[in-house]
Structures are given as C-alpha cells and as structure tokens.
Amino acid sequence: MKRRTVGIRVPNHPVPQLLLAELGEPLMSSTLILPGDELPLTDGREIRLRLEHEIDAVLDGGHCGIEPTTVVDLAVDPPVIMRRGAGDGRLLGL
C-alpha cells in the first residue's frame, strides 16, 4: 500500500532529545526487529554484537522497553489515536 503521509516519533527520553537538540534537525529511525526475531532489539550490547560489521555506531541510552508507541493520525480532523501504547494523546488533547 502506498502512503501519502509520513510518521514522526516524538521521543520522551533524554538521549534522543539531547541528540536532536545538538543536531538541530530530524533523524530517521525505526524499530529494530531483525529477520527471524519476534521482538525488537533494545539492548545496546546485543545490537553491537549482532550488527557490528553493518553499522557505524550504537548510541546506547539504556533500556527503553518494548511496548509499542502510541500512533496518532494527524492527517484527519480531529486527530485519531490509531494505536494506544507508550505515550499518550494528552499533548494533542486526545
């Protein structure tokens, strides 16, 4: 399915917040679920061990859990929560 919208993440963690502030521009990211894995990789050491020859660096901000994030569709008015998870819609009045 071709989408006409873009998703953004709004981190509630000091490490990506500081990195974003320092860079002054957005970053592209995704959840790291490797082929054959059921759960995302969240441990910096394990990520480095499994991917050290394929990535340049791992910025380990500590364990963040594996609860999916809340997804809010802002392309409609009023905005709609598509998936409830980590975070909430209070900032959007939802």
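The values are calculated or read from the model by the stated rules, or taken from the named source; none is laboratory data. These figures come from a predicted structure and were not determined experimentally. Counting neighbours? That spans all protein chains shown, and the Cβs are built from the backbone with ideal geometry, glycine included. What goes into the accessible areas is simple: the full protein's heavy atoms, side chains included, and nothing from ligands, DNA or RNA. Shrake-Rupley method; radii C 1.70, N 1.55, O 1.52, S 1.80 Å.
Of the residues examined, R84 is one that is of a type in the set (K, R), open to solvent by 60 Å² or more (accessible area, probe 1.4 Å) and in contact (Cβ under 8 Å) with a residue 12 or more places away in the chain. Just checking, does region 50-59 include any residue being over 18 Å from the mean Cα position of the chain (by Cα), under 20 Å from V10 (Cα atoms) and outside any loop (DSSP other than H, G, I, E, B)? For region 50-59, residues over 18 Å from the mean Cα position of the chain (by Cα), under 20 Å from V10 (Cα atoms) and outside any loop (DSSP other than H, G, I, E, B): absent.
Quick check, is V58 farther than 22 Å from A86 by Cα and in contact (Cβ under 8 Å) with a residue 12 or more places away in the chain? Spelling it out, V58 is indeed farther than 22 Å from A86 by Cα and in contact (Cβ under 8 Å) with a residue 12 or more places away in the chain. Residues in region 15-30 that are in contact (Cβ under 8 Å) with a residue 12 or more places away in the chain and under 25 Å from R50 (Cα atoms): V15, P16, L19, S29. Number of residues in region 1-59 that are exposed (fewer than 10 other Cβ atoms within 10 Å of the Cβ), among the basic types (K, R) and either in contact with a strand residue (DSSP E or B) (Cβ under 9 Å, 6 or more places away or on another chain) or within 21 Å of T70 (Cβ to Cβ) (or both): the value is 1.
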